[in-house]
1. Given only helices, namely DSSP H runs of n ≥ 4 each adding -39500 (n - 2.57), what is the per-residue ellipticity at 222 nm of the chain, to the nearest 500 deg cm²/dmol?
2. Excluding same-chain residues fewer than 8 positions from K287, which lysines have a Cα within less than 25 Å of its Cα?
3. Note the full-extension length gain between V213 and R490 as 0.36 nm times their separation in residues minus their Cα-Cα distance, in nm to one decimal.
4. Under a crude label model (7 Å from the Cα following the beta-carbon direction), how far is R614 from K287 in nanometres?
5. What fraction of the DSSP beta bridges in the chain is antiparallel, stated in percent and rounded to the nearest 5?
6. Need the full-extension length gain, D559 to H637, defined as separation in residues times 0.36 nm minus the C-alpha distance. One decimal, nm.
7. Which of G118, A87, V187 sits farthest toward the positive end of the charge dipole of segment 58-206, with +1 on the Cβ of Lys and Arg and -1 on the Cβ of Asp and Glu?
8. Taking the Cα centroid of segment 149-176 and of segment 683-708, what is the distance between the two, rounded to the nearest whole Å?
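What follows draws every value from the coordinates through simple rules; no lab data is involved. Remember, it's a predicted structure, so these values are computed and weren't measured experimentally. Virtual Cβ from ideal backbone geometry, glycine too; neighbours counted across all protein chains shown.
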Amino acid sequence: MASQLSRRQFVVYSLAATTLTVAAPLGCDGSTAQGAEEAAAGARGASDVLVTGTDEEMLVLEVTPANRVVVRLPRVEVGQGVTTAVAMMIAEELDARLADVDIPLADARSKGNQFTGGSNSVSSLYGPARHLAATARAKLVTAAARQWHVPARTLRTRDTTVFGPDGRSATFGSLTRAAARITRPAVSTSPKPASKHRVIGRPATRIDARDIVTGKAKYTGDLTAAGARPTVVARPPTIGGKVVSVDSQAARAMPGVHAVVRIDGGVAVVAETFHHAFQARDALRIKWAPGPLANLSDTEIRSRLRAAVPKLETPPRGSAQTEAEFEFAFVSHAPMEVLTAVADVRADRAEIWFSSQTPQSAREDIAARIGLPASKVRVHVLRGGGSFGRRLNYDAAIEAALISKQARRPVKLMWSRADDIRHGRMRPATHHRIRASHAQGRVVAFAHATASVDESSEQGLSTQGGARSAVRAPAAAPLPSDSGLYNFGRLSGDSGSVGLAIPLGAWRSVDSGTVRTAEEIVVDEVARSLGKDPVAFRRTTLRSKAVRAVLDKVAKAGDWGRTMPRGHAQGVGVHEEYGSCVACLVEIDAADPKNPRVTKVVMAADVGTAVNPRGLEAQLMGTAVDGISTILRAGLHIDRGAVRESSFADFHYARQRHAPQHFEAHIMPSRRDPGGAGELGVPAAAGAVANAYARATGTKPRRFPLDF
């Protein structure tokens, strides 16, 4: 979004404060920003502490007297490293030490953009953050120049300090009050050209790494806010099941139990500890009505999906066909930190603490559910221990608020691992039908039709805590192949859906994770039918030079085509999305086809400017593990209306022993503004794993995961 604005449309302005505090709106034009400035000036009084800005200000930078640079971030940190990336942008333009930059998370606001998703956080913040810091630096330099009575152009900045030509120096913190009064800086407020970057583009350790490994970093489960009591929920044996009756007498009599309340999703127990809560939950005697899927299992769901796939267009006359159908199972997000929310709901106000990718939507929906105006609900955004799209939804926060209201006390609700796997959001199951038509050694038409499970109105987003249209594209959205990654002649395709009362959510890479994976498998099969090498075939048909470049990089770095033992093979996949592109080369040991092991992964990505290459490498490594998991092992079974899996013991996500013994990532040099990266690698990695398995075993895999 920000990258689409011209430089003149970034409006940075000062706020009324006794310390230097500047703000930059995101996704606003000049007129909107000016209006926001007027509102800010009228609403703010003098302050020596952190200024968080009004709702219109999405980024606010303050330099404190203690020489700390503080930017309250309108995004959530869920392990993707966005706080580090933004700190690097600020440190670069401000000439501050990275260690002096603090990036706390902003509470939910009533205006602006606080959506974390779609791999757009870095790209949307890149322009505003740098303009913000460049303006702050200009004001600090001007303040020092006035104090020292020297021309501002003769001053230099580094390490959160201004230096004079005669050797004098002053920390930013010592200048902050004087800088707050500067209205017309004497030096440029424009960001540096990329050629002068000293922080952006260099590998950096996460700014929160030490806090994470030492336990200083706080997650929702660590909070003791408002004296909230541990809370768990007894949930039905089937998806969408309802309570018919409950006998809670024994549970209420147990030691440490504070309250037992009924909610839409089951029966909640509030207790002194989670141990007490789980014990009392298990003592409840509940009669359940089965959910709407009680007579439905995987076989029928797959059959319905197959029938819902639209027919493909008639192939061109005289062409040969390569055809395939693919099935992808439901998949749980399964972030390492289970869903947790703290809620303190009073008669006239409410406070909620949880990790959210959509805090603004969450605040509105929570307010509606508990019967308060949104202005009376405060949502505190905390870091999350993983997400992969799961925290776009706020199921736990809505439940915690409703429980707190009924129990009339603050609660700390925790979903168990089984709760989230069996009753939480999941990637929808899909069916794909693809036909590649080729003649005279080239593809002349490519058709791809899909069908996906859609969430029916029987159990809608309002019940589960959804993020509305931001969560995932509608079933009729264009397929990724419509953008023409390959020169495959006439492209066509349509999509259908099967409505089921099942909670769905955007899973990392969303539709591309299955659509592009299936297409990459077919590309390999077309190459084989034409007697061509998969890499050479892609090189001659890819439209983009950038995609060819990342493919060439992994082919060379991964020694594509080398001789391998029987049952071992290489596979490749490519993907282009979010203004970025990636290629992946995989080596697999499938000598035992039932127990394949990916032994090597080589990835190359062109994401424009990689703000933190080390963070990007970590993201690519994560997507490689996602590809390994969803192709080889990880899926959810629906068995008579219930999810069969309940933990990592039977939801077979890749463990350490399944990770590649060798992983390397190559970041292509670029001075373009950043593109997206967090979800980019999943389709290429998944396609490469499937293609490697096919070549190693001489099979054509069609159902994923393979062990489903």
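1. Result for the chain, helices only: -9000 deg cm²/dmol.
2. Within the straight-line cut-off, K287 pairs with K242, K405.
3. So the extension gain works out to 94.5 nm.
4. 6.1 nm
5. That works out to approximately 75 percent antiparallel.
6. 24.3 nm
7. Going by the charge dipole, the pick is V187.
8. Measuring centre to centre over Cα atoms gives 59 Å.
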